[in-house]
Structure formats: C-alpha cells, structure tokens
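Q: The structure is given below, and queries will be raised subsequently.
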Amino acid sequence: MATVVVVGDVGGCAAQLVEALAGVVDDPETVVVQVGDLVDRGPDSAGVLAYVRDRLATAPERWIQLIGNHEAQHLTGDLFWPLPIADVDADLIRTWWAQERLRVAAAIHTADGEELLVTHAGLTVEAWERLGAPVTAATAAGLLNTRPEPLIWDYRGPLWATAGAEVYPSWLDGHTPMPFGQVHGHSSVVRFDQREWLCGERVRERTTVDWAARHTVTRGSGGRFIGVDPKHGRTGAPAWRPLVLPGATVVTG
C-alpha cells in the first residue's frame, strides 16, 4: 500500500501545483491522482502541462491523470474557454488521450476499507445507472475508462455534472444508497474566499468544510462525497492542500 494524494483542479496555476507537491512526488511510496482541469483561468497552463508531462515520463505508475472538461474541449472541438492554449499544448492533451495517459476515472481503496470513485465532476445516479449500476468503485472506474459515449461527454456526465445541483441531490433525494464514496473536482458546494454556501439546505446539513485545505465532505446513505476543487481562479488560492490518504491503493480498471 502507498500514500495516495488527490490533487484538485489546477486551472493553469503551475506555481501552486509545484508548491503543493514539493517533497511528495519524489517519494516512491506516493501515488498522485489529479482530477483534471489542468489548464485555463490561471497564468501558466503551459507550465502545468510541462510539469505533468515530466511526471508521466519519469514515473507514470505514480501519476494518474484524469481528464476534466477543460481538457475535453480540445478533444471534442466544442471550445468554450475564451483564452485558447497554444497549439502545441492542445496537441499534447490529444496525444495523452490517444495514448490513454488521460483516464476518465480511478478507484481508491483506503486503509480502513472505504471505496472511493474518483472522477472530474462526480457520478450522478442517472450516470451510474447508464453504466449498469456497478456495485464497486473499481468496476465503475473500469467501465468509465472504456470511454462510453455519449455518457462521458454528456453535460450531466462525469466531466460536467455540478456537485450541489446535480450529483449530490441525485443520491440524497432518491432512495438509492451510494454503493461507494466519490471524490471529485470541477465544482464545489461552497465559495471558499467568501465562506458562502452554494447548495440547498439538504446538502448543507450533511456537509463539513475544511476551509484551510479547501475540501468538503458530504455524507450520504452508504458513502460520502469529497470535493477537492480548491477554486484557484486566475491567481491561485492563497492556501490549500491536496487530499492525502495514507495506506491507500489505486485501481484504474
């Protein structure tokens, strides 16, 4: 078993990524899972991609790179971010996808036996059912990594669904217990800078927030959601931490 470090959305903030992982990525017992959205918003998308390229070249077994919707736009041609990245960087994203360096999901088994599915945005009940209602996180990750279309590109799919409005309510408001926990980036149920809530009362009453780390944990029936998007914005969060899971293992399917 290793220490698993889950890194939330980076969004072009290369300096924050390097600082957060200093002294971590060179540990041979540490595996990093990054949830996608490497590019856009921040000042140095090229620097983020160069950093990840080096990790994938030198220790690919210890860097699991997931795809976010900001990477997906360069695969589908449905460009939505107004400030384009360089052609060479867009080509790098497409190469990683073609070489299966970019995955849709990973599964983590924690030291205490919890199963966690990691995707960029999270899996709604509807998306889970479209996968065939897998009962383990490892099975769900394996199915997602076959790249089932149109599910993975759907605006309510695992790259786009919003936590507070779509993912969490789909499990909390129905009668389907969560078969496993989930870790995601993409959106948050709080606004960290202002310490404001961005969700309904049903989600809020089940949620605890680590304001310093910029993580949220929302309890559901049968599991929990862990949100790890630090919301770096254009300049980077002044303080944040990746999610660290000692004694965990990673399965990508």
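Q: Out of all the residues in the stretch 1-20, which are assigned to a helix (DSSP H, G or I) and either buried (at least 19 other Cβ atoms within 10 Å of the Cβ) or touching a Pro at 6+ places or on another chain (Cβ under 7 Å) (or both)?
A: Selection gives 14, 16, 17, 20.
Q: Determine the pairs where a residue that is touching a residue at least 60 places away in the same chain (Cβ under 8 Å), located within the stretch 187-210, has a partner that is part of a loop (DSSP other than H, G, I, E, B) with Cβ atoms under 7 Å apart, the partner being 6 or more residues away or on another chain.
A: From residues that are touching a residue at least 60 places away in the same chain (Cβ under 8 Å), the pairs are 187/121; 187/162; 187/229.
Q: Given the criteria β-branched (Val, Ile, Thr) and surrounded by fewer than 22 Cβ atoms within 10 Å (Cβ to Cβ), does residue 119 qualify?
A: No.
Q: Scan the stretch 204-221 and tell me whether some residue there is out of contact with any Lys or Arg (no Cβ under 7 Å at 6 or more places or on another chain), buried (at least 21 other Cβ atoms within 10 Å of the Cβ), at pLDDT 95 or above and of a type in the set (A, V, I, L, M).
A: The answer is no; no qualifying residue exists.
Q: Tell me, which residue of the stretch 27-59 that is in a loop (DSSP other than H, G, I, E, B), over 17 Å from the mean Cα position of the chain (by Cα) and free of Cβ contacts under 8 Å to residues at least 60 places away in the same chain is surrounded by the most Cβ atoms within 10 Å (Cβ to Cβ)?
A: Applying the filter and picking the extreme gives 44.
Q: So if I check each of 72, 2, 14, which one is farther than 25 Å from residue 152 by Cβ and in contact (Cβ under 8 Å) with a residue 40 or more places away in the chain? If you could, list the steps in order and put the result at the bottom.
A: Values: 72 fails: farther than 25 Å from residue 152 by Cβ; 14 fails: in contact (Cβ under 8 Å) with a residue 40 or more places away in the chain.
Within the list 72, 2, 14, the selection yields 2.
Q: Here is a list of conditions, (1) modelled with pLDDT of 95 or more; (2) in a loop (DSSP other than H, G, I, E, B); (3) exposed (fewer than 15 other Cβ atoms within 10 Å of the Cβ), and residue 24 meets all of them except one; can you say which number that is?
A: That leaves (1) as the condition not met.
Q: Right, another one. Looking at the structure I just gave you, is residue 179 surrounded by 14 or more Cβ atoms within 10 Å (Cβ to Cβ) and either among the hydroxyl-bearing types (Ser, Thr, Tyr) or touching a residue at least 40 places away in the same chain (Cβ under 8 Å) (or both)?
A: Yes, satisfied.
Q: Continuing with this model, one more query. Only one of (1) closer than 20 Å to residue 252 by Cα; (2) in contact with a helix residue (DSSP H, G or I) (Cβ under 9 Å, 6 or more places away or on another chain) fails for residue 44. Which number is that?
A: Result: residue 44 passes all but (1).
The values are calculated or read from the model by the stated rules, or taken from the named source; none is laboratory data. This is a predicted model, so every value here is computed, not measured. Neighbour counts are summed over all protein chains in view; Cβ atoms, including those assigned to glycine, are modelled from backbone coordinates with ideal geometry.
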